Amino acid sequence: MAGSTNKTVHDIFQSMENGPAATSSTATAQAWLDHHSRSLGLFIDGKFVRPADRQTRSLADSKGGDVCNTVCAVQDDVSQCASSAVSGYKAWSGLSCYNRAKVLLRLVSVLGQHSKCVSELCELCEASCSPSSLVRLLQYYSSWAQLRDTLITSWTPLGVVAVVVSDDCSLYSLMLKVVPALAMGNSVIVVPGRSTAPPALLLAQLFMSAGLPAGALNVLTGSDMLLGAKVAQNPSISYVTYSGNKQDGVMLCKAAAGMGVPISVSPCIGATCPIIIFESADIDSAVDGVLETAFKKKKEVNWVLCVQENVLERVVARLKLRMAGMKCVGLASDADRVQVDAAVQGAQQQGATLVQSCAAPPSGALYPPTVLCGAAPSSSFVVSPAPGPLLPLMSFRSNTEAVTLGNHSPHGLAASIWTEDLTLALETAKRLSVGSVWVNSHSVSDPCMPVSGHKDSGTCTDGGQEGLYQFLHSSCSSSPPLPRSSPVSMDYTKFGTAASPAIIPDDSDAASAPKSYLQFVGGKACKSESGCTVAVQPPGGGSVLAYCPDGGRKDVRNAVEAAIKVQPGWMKKSPSARAQSLYSLAKGLEAKRRDIALSINVQTGLSMDEAEKEVDLSSARLNDWAAYCDKVQGGTLPVPQSGSALSLPEALGVVGLVLPDKNALLSMVTLLGAAVATGNAVIMVPSQKNPLPVLAFVQVLQSSDLPAGLVNVISGSRDQLTVALATHSVIKAIWYWGSAEGCQYLQHTCTSPLKTLRLFCQEERDGGKDWTQSHPTLLEEMWRNAVQWKSVWIPTA
C-alpha cells in the first residue's frame, strides 16, 4: 500500500512507552517488614501494639535467614484484646448486612492493590496461599454477608470468635474460618501459627484500611498452643475453632475443658489420604496427578496409593519412567532424615520394593521421591508415616476392596479417585468415609465446597453455606449454651465410678412389688448385663415407683455392636423409606398413648391431661421428622472452575444421647427423630431423674419396623454410662444433657478419637429449655447437628 511502512514486532515493542512506575500501594513484603523494623507487634483495636517486656519469637525463611520477630502475648494482652473484640462486635454486628458486605468487597480491591506484598510475604514465610484464592474467598462470603438475614433467618452471630491454628497450618485454612465468621457479624481474635503470623498481621491491617471497625479483627501472636488456651479461657469468648495438626488440637481441647466454651477441631494436617487408581483410569493422567501431589516439599497430608491389580505393572512402570531424574526433596531437619531412613529400612524388611528417582544421599536433609511397593494396610510405614517424600503403594482386586483400603485409615479428610467410569466414581465416592472426594484430580478447593473431616479428621464443617452455621446461634435452640465457668478440679480416671446403689428386687410378692422395666438393646427388651436394678422414686421422695436396669459398660458395648451392624444399611435406605418407618413409629406411639401418659404421670406428678398432651406433642414431633427426611439433601455447587461439584449430607454413624430431665418423652423423640431421620443409629441413656417415660417407650420400639439395633435404650447411672460412651472408639458423636462436671469430662476425654459434642448443662432453677416449642429453625439446627458433609469434585474437559 502506498505510504505504508513495514515495521517488525520488535520495532513496535521498542517504540512503546513504559508503564507508570510502581507506587507505594504496591510495596514489597521486604519494605513492609522494614517499615515495622522487622519486629511485629500484636494487632489490637485496629492498630499495632508492642507492649514492653515481652518475649519475642523469631521466624526464619527456607534458607535459614531471619524474616522477622513476633511478640509473645501474655494474659494482660489477652484481656485487652478480648475487651477490644467485644467493642468491635457491637460496632460490626450493628451494621446492616449490606454495609458488612460492602466492607468485604472493598477489601477485594485493597487486596488487589497489595497482592504483590501479600504474595511475597506468604512465600517468604512459607505460608502457602495465593492472593487470588483470598479474593475468591472474600467475594464468595461477601455475598453471604449480604444475604444473611434473607436466607439464614432466625440465626444470630455468636459474638467473639477465637480462631486458633498450629504452626504448620496454611494461611488459607486460617482465612477459611476468619472470613465467614466476620461475614456473619462476629468479631474475631486470630491466634496464628509461626508461619502464618506475619501474613495474618498484614491482612488485619488491610482489613482495617477497607473499613472494618476497630476491634472486629484482632491478632495475638505467641510461642505455643498455650496462648490459644488462654484466649479460650477468657469469659468474653463465645466460640473457639481450631485448624492444624491433631496434637495441638487435643492440647487445646484438654486445656479449655470446663471453661464452658464450645470448641471445634479441624485436623487438616498429617491425615492419611488414599489415591485410588482403577483399571478404567487414564494411567498417564493418574500417574501425573500422583507425582504432582505426593512429593511436595511441604505436604499437609500423607498420601497412600491404591492400584487395581490389573494395571499395577503399568502404573509401576509409568512411575519409574516419570520419576527418573526428579530431584531430591528437602526435609525439615536431619532428625526427619533419620525417621525416613528407618521407615524405608523397615519397609524393605517387610518385603516392600523401592521405586526411586535417584539414589539417596548418604546423609543430609535431602531424600529422593520414593514409592514403597508392596505395602500392607497394617505396615508401620502406612499406619505411622514418616515425614518426607515417601508414598506407600498397595494393590486391590475388586471395587469393594478398594473402598475397604480407602477407609482403613482412622482419618477421613479426603480421597482422590481415578477412573473414566463415572458410575464407579460416584459409587466409590459415596462409600468412602471422607469429607472431600476428587475424581480424576486432586487438591481442588473452592470456598463454596464444604470441607468436613469424617472419623478422626474433624468435628466441624468449613467452607460453603454449611460452614456458616458454626458461627451462628439459633434463636430457637433446643437448649441454652454452656454457662461460662472455671473448670472444677477432678480426677478424670475416677469420674463415673461412684454409681448409684444397685439392688436386685425381691420377687416373692410380685403382685404388690413395684413394676420392673427392661432396657432395649439389639432390638430386644432385656435386663442389664449385671442383672442389677436401680430403684426409681418420685420427685419429692417416698416409696419406690419402679425398678429400672442398672446398665454399664458391657451393655454399651453390646448396643454399639448391634448399632454398627445395622447403621450402614439404614443410611443406604431412601429418605422416603426412613420417613415411612418414622410415620409408623409415631402411629405406634399413638396406639400406646394411655400407657405412656401414665408413666409420665407416675414419674413427674403431672396430671393425666398434661401427660397425654406431651404424648400428642411427641407423636406430632415424630411426624415432623418423618416429613423432614427427604426435604434437605444437598445439591450441586456453583464452582467457578470447569467442572461440577456436589455437596452431600451424610449420617455421623453411631450417636450417643444422654437425655434431658425436662419433658423426658418429648425431648427424647425430638433427639431420636433428628438422629434416625438422617441415617444414624442411636444409643440413648434416659434421664436418671425421670427414666420411666423413655423406658415405657420401649414397648413402642418393640412393635415398630425399625431395624433391630438401630435404637438402643440403656438406663442406669448417667455418669457411668457417659464414661462408657466417651471411651468407645466407634461412637462418633455425643449429645449430652447433664452436669458441668460431665461436660468438662467429655471435652477432656473425647479427643482420641475425636467425637462431635453437643453439650448442655442442666440448671436446677429452670430445668433446661422448653421442648414443647415447635419452630422450623429448631428442626434445622438439630438436622445440621446430625449430619456431616461430603463434597465431590468432578472435572470436565
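The values are calculated or read from the model by the stated rules, or taken from the named source; none is laboratory data. Here the structure is a predicted model, which is why all the values come from computation and not from measurement. Note that we place each Cβ from the backbone using ideal geometry, even for glycine, and neighbour counts take in every protein chain shown. Keep in mind that these areas ignore ligands, DNA and RNA; they rest on the heavy atoms of the full protein, side chains included. Shrake-Rupley method; radii C 1.70, N 1.55, O 1.52, S 1.80 Å.
Helices (runs of 4 or more DSSP H) fully within segment 652-731 that include at least 2 residues being of a type in the set (Val, Ile, Thr) and in contact with a helix residue (DSSP H, G or I) (Cβ under 9 Å, 6 or more places away or on another chain): 664-677, 718-726. Could you please find all residues in segment 387-419 being among the small types (Gly, Ala, Ser), open to solvent by less than 10 Å² (accessible area, probe 1.4 Å) and touching an Asp or Glu at 6+ places or on another chain (Cβ under 8 Å)? Listed by number, the list holds a single entry, Gly412. With outside any helix (DSSP H, G or I) and farther than 27 Å from Leu424 by Cα as the only criterion, which of Lys297, Lys320 stands out? The conditions single out Lys297.
For segment 515-548, a residue qualifies if it is buried (at least 19 other Cβ atoms within 10 Å of the Cβ), touching a Cys at 6+ places or on another chain (Cβ under 9 Å) and not in a loop (DSSP other than H, G, I, E, B), and the qualifying residues are Gln519, Phe520, Thr533, Val534, Val536. Annotation note: of Val307, Val329, the sole residue that is touching a Ser or Thr at 6+ places or on another chain (Cβ under 6 Å), under 27 Å from His411 (Cα atoms) and of a type outside the set (Phe, Trp, Tyr) is Val307.
Taking the listed residues Ala31, Ala2, the one that is over 23 Å from Asp224 (Cβ atoms), open to solvent by 80 Å² or more (accessible area, probe 1.4 Å) and modelled with pLDDT under 95 is Ala2, with no other qualifying.
Quick grid of which residues meet (1) part of a strand (DSSP E or B); (2) of a type outside the set (S, T, N, Q):
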residue	(1), (2)
Ile189	yes, yes
Ser195	no, no
Pro198	no, yes
Leu202	no, yes
Ser223	no, no
Leu227	no, yes
Val231	no, yes
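Only a single item in (1) surrounded by fewer than 24 Cβ atoms within 10 Å (Cβ to Cβ); (2) touching a Leu at 6+ places or on another chain (Cβ under 6 Å); (3) of a type outside the set (Phe, Trp, Tyr) is not met by Pro707, and it is number (2). Taken together, the residues in segment 134-148 that are surrounded by fewer than 17 Cβ atoms within 10 Å (Cβ to Cβ) and under 15 Å from Lys177 (Cβ atoms) amount to 0.
Filtered by the rule that a residue be touching a helix residue (DSSP H, G or I) at 6+ places or on another chain (Cβ under 7 Å) and either farther than 19 Å from Val382 by Cβ or open to solvent by 50 Å² or more (accessible area, probe 1.4 Å) (or both), segment 335-353 gives no residues.
Per-residue answers, yes or no, for (1) touching a Pro at 6+ places or on another chain (Cβ under 6 Å); (2) free of Cβ contacts under 8 Å to residues at least 40 places away in the same chain; (3) not β-branched (Val, Ile, Thr):
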{"position": "Asp288", "(1), (2), (3)": "no, yes, yes"}
{"position": "Leu291", "(1), (2), (3)": "no, no, yes"}
{"position": "Lys298", "(1), (2), (3)": "no, no, yes"}
{"position": "Leu305", "(1), (2), (3)": "no, no, yes"}
{"position": "Asn310", "(1), (2), (3)": "no, yes, yes"}
{"position": "Glu313", "(1), (2), (3)": "no, yes, yes"}
{"position": "Gly325", "(1), (2), (3)": "no, yes, yes"}
{"position": "Val329", "(1), (2), (3)": "yes, no, no"}
{"position": "Ser333", "(1), (2), (3)": "no, yes, yes"}
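Is there a residue being touching a Ser or Thr at 6+ places or on another chain (Cβ under 9 Å), over 18 Å from Cys97 (Cα atoms) and either among the small types (Gly, Ala, Ser) or without any contact (Cβ under 8 Å) to a residue 60 or more places away in the chain (or both) anywhere in segment 151-166? So far as segment 151-166 goes, yes, one or more of its residues are touching a Ser or Thr at 6+ places or on another chain (Cβ under 9 Å), over 18 Å from Cys97 (Cα atoms) and either among the small types (Gly, Ala, Ser) or without any contact (Cβ under 8 Å) to a residue 60 or more places away in the chain (or both). Within the option set Leu121, Leu147, being under 20 Å from Gln465 (Cβ atoms) and either outside any loop (DSSP other than H, G, I, E, B) or not hydroxyl-bearing (Ser, Thr, Tyr) (or both) holds for one residue only, Leu147. Could you tell me whether Ala627 is closer than 30 Å to Gly435 by Cα, open to solvent by less than 10 Å² (accessible area, probe 1.4 Å) and in contact (Cβ under 8 Å) with a residue 24 or more places away in the chain? So Ala627 does not fit the description; no. When we screen Ser96, Ser58, Ser15, Ser62 for residues that are at pLDDT below 95 and over 20 Å from Ala197 (Cβ atoms), the only hit is Ser15.
Mind listing whichever residues of segment 630-663 are over 26 Å from Ser452 (Cα atoms) and either open to solvent by less than 10 Å² (accessible area, probe 1.4 Å) or of a type in the set (D, E, K, R) (or both)? The answer is Leu659, Pro660, Asp661, Lys662.
The C-beta contact set for segment 549-577 (first residue closer than 15 Å to Lys732 by Cβ and open to solvent by less than 80 Å² (accessible area, probe 1.4 Å), second residue part of a helix (DSSP H, G or I) and small (Gly, Ala, Ser), distance under 7 angstrom, 6+ apart or interchain) comprises Val556/Ala724.
Just to check your reading of the model, which residue among Ser209, Ser266 is closer than 22 Å to Tyr89 by Cβ, small (Gly, Ala, Ser) and open to solvent by 10 Å² or more (accessible area, probe 1.4 Å)? Working first, answer last.
Details: Ser266 fails: closer than 22 Å to Tyr89 by Cβ.
Only one candidate passes the filter, namely Ser209.
Screening Ser280, Ser243 for residues that are under 30 Å from Ala429 (Cα atoms), hydroxyl-bearing (Ser, Thr, Tyr), open to solvent by 10 Å² or more (accessible area, probe 1.4 Å) and modelled with pLDDT of 95 or more leaves exactly one candidate, Ser280. The number of residues in segment 319-334 that are surrounded by 15 or more Cβ atoms within 10 Å (Cβ to Cβ) and either over 18 Å from Ala375 (Cβ atoms) or in contact with a Phe, Trp or Tyr (Cβ under 9 Å, 6 or more places away or on another chain) (or both) comes to 7. Among the numbered criteria (1) open to solvent by less than 30 Å² (accessible area, probe 1.4 Å); (2) among the β-branched types (Val, Ile, Thr); (3) under 28 Å from Leu134 (Cα atoms); (4) modelled with pLDDT under 95, which one does Val451 miss? Condition (1) is where Val451 drops out. Within the option set Leu617, Leu622, being crowded, with 24+ Cβ neighbours inside 10 Å and at pLDDT 95 or above holds for one residue only, Leu622.
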